[in-house]
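Here is the structure we will look at, set down as structure tokens.
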């Protein structure tokens, strides 16, 4: 008698990521699927396969393979800025835009802030970085 095989843990995580509308995923999102060590191992496998990118300790974002160089890149339309801000929000960190970015958004300045910078309104000590870009934090 033929029995369809049960999906592996990486396949179940991949399915959950595909169905979700979130940009940032934490290991706790998959805690109901298996144990902590197995979830971290499966997330590492998905990072190695280029389906997720690790943007910080316990922070994972969707990824796609860049057709030009074949390396993984963030799948978010807003790029690293959007992903890093979503990560802060997902972790419950209170933050706000910097005065320079507010001035640009209001049309008071022509200087576009090139780096991802946020002003923190609560305590946060982690590092958020991906592909050579790092979120700068102002206090």
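Taken together, the values in this text are just the output of simple stated rules run on the coordinates, not laboratory data. What you see is a predicted model, and the numbers here were worked out from it, not measured in a lab. Every residue, glycine among them, receives a Cβ derived from its backbone with ideal geometry; neighbour counts consider all protein chains shown.
When 57, 40 are sorted by how many other C-beta atoms sit within 10 angstrom of their C-beta, beginning with the fewest, the order is 57, 40. If I take R0 = 22 Å and measure r between the Cβ atoms of residue 121 and residue 28 in this structure, what FRET efficiency does the formula 1/(1 + (r/R0)^6) give, to the nearest 0.05? Plugging the Cβ-Cβ distance into 1/(1 + (r/R0)^6) gives 0.40. The GNM of the chain, with springs linking C-alpha atoms under 10 angstrom apart, assigns the highest mean-square fluctuation among 68, 13, 24 to 68. Using C-alpha pairs under 8 Å with a sequence gap of at least 6, the mean separation divided by the residue count of the range 41-102 gives a relative contact order of 19 percent.
Mean sequence separation of contacting Cα pairs (under 8 Å, at least six apart), scaled by the length of the range 9-138, corresponds to a relative contact order of 20 percent.
Measure out, as a whole number of angstrom, how far apart the alpha-carbon centroids of the range 92-139 and the range 1-43 sit. Answer, in whole Å: 32.
As a proxy for reagent exposure, ranking 127, 108 by other Cβ atoms within 10 Å from fewest up yields 108, 127. Compute the acute angle (0 to 90°) between the alpha-carbon long axis of helix 79-90 and the principal axis of greatest extent of the alpha-carbon atoms of the chain; round to the nearest 10°. Rounded to the nearest ten degrees, it is 80.
Here the extension length gained between residue 19 and residue 37 equals 4.2 nm, from 0.36 nm per residue of separation less the Cα-Cα distance.
Taking 7 Å steps out from each Cα toward its Cβ at residue 49 and residue 71 produces label points 2.2 nm apart.
When shorter helices are ignored and each DSSP H run of at least 4 residues is given -39500 (n - 2.57), the per-residue value for the chain at 222 nm works out to -9500 deg cm²/dmol.
Taking the longest Cα principal axis of the chain as reference, the axis of helix 36-48 is set at about 70 degrees. One entry in (1) 22, 22, 12; (2) 38, 18, 12; (3) 33, 17, 12 is semi-axes √(5λ) of the Cα gyration tensor in Å calculated from the shown coordinates; its label is (3).
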